[in-house]
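Notes for the one structure printed next.
The values are calculated or read from the model by the stated rules, or taken from the named source; none is laboratory data. Not measured: the values here are computed from a predicted model. Here the Cβ positions follow ideal geometry from the backbone for every residue, glycine too, while neighbour counts run over all protein chains shown. Just so you know, the surface numbers come from the protein's heavy atoms only, side chains and all, with ligands and any DNA or RNA stripped out. Shrake-Rupley method; radii C 1.70, N 1.55, O 1.52, S 1.80 Å.
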Amino acid sequence: QVQFVESGGGLVQSGGSLRLSCKASGFDFRINGMGWYRQAPGKSRDLVASITTGGSTNYADSVKGRFTISRDNAKEMVYLQMNALIPEDTASYLCNKAPYAVNFWGKGALVTVSS
């Protein structure tokens, strides 16, 4: 079945960097757009970065210029390089298909940014 396994979260100081990884399985990865979503406590889950099958990327305004999404089709992996982190980036980060997520979610990678 469809599965997403996120890793790479942690505690980082404001201005620091983290790289998240996501292993996808159970579907034809190469023909699907992929994305990173995040959900902060008490808030909705939002798409922050996406990448098409052809490698075109799109970012939410709040992370543009700081986050970079990439993919490795051979490994069925999606990555999110996060630089210049700020406390407002604190959230659980999850990967899924994009722009339309499927109703299977991993456990997420918790990112905590201290000021």
Checking LYS43 against (1) among the charged types (D, E, K, R); (2) surrounded by 18 or more Cβ atoms within 10 Å (Cβ to Cβ); (3) over 24 Å from VAL2 (Cβ atoms), which test does it fail? (2)
Residues of segment 51-66 satisfying the condition of being open to solvent by less than 70 Å² (accessible area, probe 1.4 Å) and either touching a helix residue (DSSP H, G or I) at 6+ places or on another chain (Cβ under 9 Å) or of a type in the set (A, V, I, L, M, F, W, C) (or both): ILE51, ALA60, SER62, VAL63, ARG66
Do you know which residues across segment 86-96 are in contact (Cβ under 8 Å) with a residue 60 or more places away in the chain and either assigned to a helix (DSSP H, G or I) or farther than 13 Å from ASP46 by Cα (or both)? ILE86, PRO87
What are the pairs, 6+ residues apart or on separate chains, where a residue within segment 19-35 that is closer than 22 Å to SER92 by Cβ has its Cβ under 7 Å from a residue that is open to solvent by less than 20 Å² (accessible area, probe 1.4 Å) and not in a strand (DSSP E or B)? GLY33/ALA98; MET34/ALA98; GLY35/ALA98
Close pairs (8 angstrom Cβ cut-off, 6 or more residues apart or separate chains): free of Cβ contacts under 8 Å to residues at least 60 places away in the same chain and on the phi > 0 side of the Ramachandran plot in segment 37-60, open to solvent by less than 70 Å² (accessible area, probe 1.4 Å) and charged (D, E, K, R) anywhere: GLY55/ARG71
Since ASP89 meets every condition but one in (1) more than 14 Å from the chain's Cα centre (by Cα); (2) under 14 Å from LEU11 (Cα atoms); (3) open to solvent by less than 60 Å² (accessible area, probe 1.4 Å), which condition does it not meet? (1)
If you check GLY42 against the conditions, is it in contact with a Pro (Cβ under 8 Å, 6 or more places away or on another chain) and more than 19 Å from ARG66 (Cβ to Cβ)? no
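Can you tell me how many residues in segment 1-59 are among the acidic types (Asp, Glu) and out of contact with any strand residue (DSSP E or B) (no Cβ under 9 Å at 6 or more places or on another chain)? Walk me through it before giving the result.
Taking segment 1-59 first, the residues among the acidic types (Asp, Glu) are 6, 28, 46.
Then drop every residue that is not out of contact with any strand residue (DSSP E or B) (no Cβ under 9 Å at 6 or more places or on another chain), which leaves 28.
Matching residues across segment 1-59 total 1.
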Residue under question is SER17, and the condition is that it be of a type in the set (Gly, Ala, Ser), over 21 Å from GLN1 (Cα atoms), open to solvent by 20 Å² or more (accessible area, probe 1.4 Å) and within 11 Å of the chain's Cα centre (by Cα); does it hold? no
